[in-house]
Amino acid sequence: MIAIDEAHCVSQWGHDFRPSYCKIQEIISLLDKRPIVVAFTATATQIVKEDIIKLLNLNNPFTLTTGFNRENLYFSVQTPKDKNKFVIDFLEKNKNQSGIIYCSTRKTVDSLFERLSKLKFSVCKYHGGMGENDRHISQDNFVYDRCEIMIATNAFGMGIDKSNVRYVIHYNAPCDLESYYQEARTCWA
């Protein structure tokens, strides 16, 4: 059996952040006998689900889809006049709480990281433009509570296991539903 977690990477983001996912079907096809293949994701819309089935060459697969609603989550939409002031005020009110701020671009991640670092917030950053070692160090610092706030593109969050995330801020509106699911689900565990 081959089990694929974060299977949405076969369809989305894998090309940029998890290129090995794009080779999974090729590897499976090289095996003498095709094993049972299972694919798991919490972020697949119908389009991505169909893409996963097609790209992994799944024949008549059993699929299970659960709802999006989670009783332990609260969602709020804000449209502040000054986004930076809103974020800073929010972080001040939630000191000593672990959280993630998602940005749509590497440039925005870097800029917000610099701004919040200068204000002495405990921040780290993560995006695909960083070297693998730097990303690993930053992720470990966040996961092991050596920094409180992760500022990241949606490359972050795939496979993170951190039970004390208390908020997720979407600094920029995600461009599609899959991106929103990927960012919001970080705190579903």
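Nothing in this text is a laboratory measurement; each read-out follows from the coordinates by a stated rule. None of the values given here were measured: they were computed from a predicted structure. All Cβ positions, even for glycine, are placed from backbone atoms using ideal geometry, and neighbour counts span all protein chains on display.
Using unit Cβ charges (K, R positive; D, E negative) and no other charged atoms, how large, in debye to the nearest 20, is the dipole of the stretch 41-170 about its Cα centre?
Once rounded to the nearest 20, the dipole reads 400 debye.
With respect to the cross-link table entries Lys85/Lys162; Lys49/Lys162; Lys81/Lys120; Lys83/Lys107, which display a Cα-Cα separation exceeding 20 Å?
Lys85/Lys162; Lys49/Lys162; Lys81/Lys120, as the Cα separations exceed 20 Å there.
Find, among the chymotrypsin sites (Phe, Trp or Tyr not before Pro) in the stretch 118-172, those assigned to loop by DSSP (not H, G, I, E, B) with at most 14 other beta-carbon atoms within 10 angstrom.
Of the chymotrypsin sites (Phe, Trp or Tyr not before Pro), the ones in loops of the stretch 118-172 whose Cβ has at most 14 other Cβ atoms within 10 Å are Tyr144.
Only sites in a loop by DSSP and with at most 11 other Cβ atoms within 10 Å count here; which trypsin sites (Lys or Arg not before Pro) in the stretch 72-165 make the cut?
Taking the stretch 72-165 and a limit of 11 other Cβ atoms within 10 Å, the loop trypsin sites (Lys or Arg not before Pro) found are Lys81, Lys95, Lys120.
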